[in-house]
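A short reminder: the numbers here are calculations on the coordinates, not readings from a lab. Computed from a prediction, not measured in an experiment: that's the story for all the values here. Here the Cβ is made from the backbone with ideal geometry for all residues, glycine too, and neighbour counts use every protein chain on show.
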Amino acid sequence: MKKSIRTRMIVSVISLMIITGIILMVGAMTQSKRSMNLLVDTVVNDQLQSDNKMLASYLKEEFGTLTLGGDGILLDENGEDIQGRYDYIDTFADNLGMVATVFAKNGTNYTRILTTIKEGDKRAVGTDLDTAGKPMRQLIKGKSTSARRIFSVKIT
C-alpha cells in the first residue's frame, strides 16, 4: 500500500514539529541552566562581599586600624602583632558558620597569620596563598578579591 501525499505531509510536519520542539526544549534548558548559574554566582558574590565588609569591620573593631609591618607582620593600632590572637576570628567564623583566614602580604606572597583551620591541634598558620590561584592573580594586580572562602581587606 502506498502512502498518500497527504499522509506523508502530515508525518513530515509532525516530525518537524517534534524535532523543533526538542531543539527548543534543549535550548530552553541550556539557557535556564546558564541563568541559574548566573543567579547562584551573583548571590554567592553578594554574600561574599557582605562577609568581606563584615570581616573588615570585625578586624577594625578588634584591632583598630591595621598596618603592615616588616616581614609581613600585621600590627594593631598599638603596634602589636596580631598573629596568634584567635578569639575574634573564631567568633567571626562561628557566627557566619564558615572557615576564616587572614593573610598578610610578605614580599610577593600572602602568608596565613590567623585562621580557624587546624591541622591536628595546631592552627594552619605560616602557609602561603596558592600562587597559581585566581585570588593571588587578583591581589598581584592590586585588586581586591573574594572567592568562596577568601576575602581581601586592603591594609595601608
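For the range 34-74 versus the range 99-125, the inter-centroid distance based on Cα atoms is 15 Å. Compute the acute angle (0 to 90°) between the alpha-carbon long axis of helix 87-96 and the principal axis of greatest extent of the alpha-carbon atoms of the chain; round to the nearest 10°. It works out to around 20 degrees. Compared with the direct C-alpha span, the chain from S57 to A28 gains 6.1 nm at full extension, assuming 0.36 nm per residue.
With the convex hull drawn around the C-alpha atoms of the range 1-109, the volume per residue stands at 171 Å³. For an R0 of 25 angstrom, estimate the FRET efficiency from the Cβ-Cβ distance between L68 and T42 and round to the nearest 0.05. About 0.20, to the nearest 0.05.
Label-to-label distance, Q49 versus T131, with points set 7 angstrom from Cα along the beta-carbon direction: 3.2 nm.
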